[in-house]
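Asks: Before anything else, here's the structure in question.
The values are calculated or read from the model by the stated rules, or taken from the named source; none is laboratory data. Since we're looking at a predicted model, the values are computed, not measured. Cβ: placed from backbone, ideal geometry, glycine included. Neighbour counts: every protein chain shown. To get the accessible areas, we keep the full protein, side chains included, count just its heavy atoms, and leave off ligands, DNA and RNA. Shrake-Rupley method; radii C 1.70, N 1.55, O 1.52, S 1.80 Å.
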Amino acid sequence: LSDMGLTNLPSEVMRFYKTFGVECTGLTSLVLDGNDIKWLPVYLRTMTTLTDLSLRNCKFTRLPYFIGDLQNLKTVWLEGNDIIAPPNDIVRRGVQAMLQYMRAVDTSWWTKELDIAGQRFDVVPLEVCSVDSLTSLRMHNQMFRTVPEQIKNLTSLTHLNLQHCALVELPDTISGLYSLRELIVNNNRLLTLPSGIGMCTA
């Protein structure tokens, strides 16, 4: 479907997907290069037979995180897009790392737990701060020096693990995490904690 001036993925694509009991037959390759598509429909998450997905030179800035459900994907081409989510730190590590990260973020909305420890992020991915249902967030063993102010959005958070990072400061907004019971920040470069940290009295 390359260079067809598409702005959306045609629903007719689903006609190539069928389920017979536990066996699935359907598309293994989907090429959408050179279209004006900015998003992919949710039904794509059921197309688990896909092994190759090409989105070169489209209009994507964010990929839908349900792509993490496509566990048979072997190749994803994204050249010519200005992708900001998932983070470039993840994208450049390859398809499997990208799928694992996207699956973790996607499922965290209902598990209320997110573990992205050891990913060696230089900057905390902002989409993490949008999962406002989180009660547990493990981001230890990273390279970032601070945490975004948007951490204040995680008002249900009870457990936050930031140990073994490169933290030199924490934002004052972390004091707004009133449900926080455990904050782990050992093995960082912190000299002080935000003055309002005592507000976290759960």
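Asks: Residues of the chain: accessible area per residue at 1.4 Å, in Å²? Each step should come with its number before you reach the end.
Replies: On the way: 10520 Å² over 202 residues.
For the chain, the per-residue accessible area is 52 Å².
Asks: Of all DSSP beta bridges located in the chain, what percent are antiparallel, nearest 5? If you can, show how the numbers build up before the last one.
Replies: Working: 3 of 19 bridges.
Within the chain, antiparallel bridges account for around 15 percent of the total.
Asks: To make sure I understand the rule: partners must be aspartates and glutamates, Cα under 12 Å from the Cα of Lys74, and not fewer than 8 residues away in the same chain. Which ones qualify?
Replies: Cross-link targets: Asp52.
Asks: Mind ordering 1-14, 42-55 by average Cβ neighbours within 10 Å, highest first? All intermediate terms of the calculation are to be shown ahead of the outcome.
Replies: Working: 1-14: 12.3, 42-55: 17.1.
Order by mean packing, descending: 42-55, 1-14.
Asks: For the chain, take the longest principal axis of its alpha carbons; what is the angle in degrees between that and the long axis of helix 95-111, to the nearest 10 within 0 to 90?
Replies: 60
Asks: Let me ask another. If I take every Cα pair under 8 Å that is 6 or more residues apart in segment 42-115, average their sequence separation and divide by the length, what percent do I get for the relative contact order? Walk me through the numbers before you get to the answer.
Replies: Values: 102 pairs, mean separation 23.5, N = 74.
Value for segment 42-115: 32 percent.
Asks: For Thr173 paired with Asp122, estimate the spin-label separation in nm (one decimal), with each label point 7 Å from Cα along the Cα-to-Cβ line.
Replies: 2.2
Asks: Given N residues in segment 114-202, what is Rg(Cα) / (2.2 N^0.38 Å)?
Replies: Values: Rg = 11.6 Å, N = 89, 2.2 N^0.38 = 12.1 Å.
Compactness ratio reported: 0.96.
Asks: Working with all protein chains in place, sort His159, His164 by solvent-accessible area computed with a 1.4 Å probe, largest first.
Replies: Working: His159 35, His164 85 Å².
Order by accessible area, largest first: His164, His159.
Asks: What is the log10 of I(q)/I(0) for segment 47-113, computed with the Debye formula using one identical point scatterer on each Cα and no solvent, at q = 0.15 Å⁻¹?
Replies: Log10 of I(q)/I(0), two decimals: -0.45.
Asks: Let me ask something additional. What is segment 1-136's relative contact order, in percent, from Cα pairs under 8 angstrom and six or more apart in sequence? Could you put the intermediate results ahead of the total?
Replies: Numbers: 224 pairs, mean separation 23.7, N = 136.
Answer for segment 1-136 is 17 percent.
Asks: Still on this structure, I have one more. Whole-Hz Karplus ³J(HN,Hα) for segment 37-54, in order, using 6.51 cos²θ - 1.76 cosθ + 1.60 and θ = phi - 60°, x for Gly and Pro?
Replies: Using θ = phi - 60°, the values come out as 6, 10, 8, 10, x, 4, 4, 5, 5, 8, 8, 6, 7, 4, 10, 9, 10, 10 Hz.
Asks: If you split all Cα-Cα distances of the chain into 5 Å bins from zero, what percentages do you get per bin, shortest first?
Replies: Pairs per bin, as whole percents: 1, 7, 14, 18, 16, 12, 10, 8, 7, 4, 2, 1, 0.
Asks: Moving on. Considering the Cα trace of segment 1-118, what is its radius of gyration and what is Dmax, both in angstroms?
Replies: 14.4, 41
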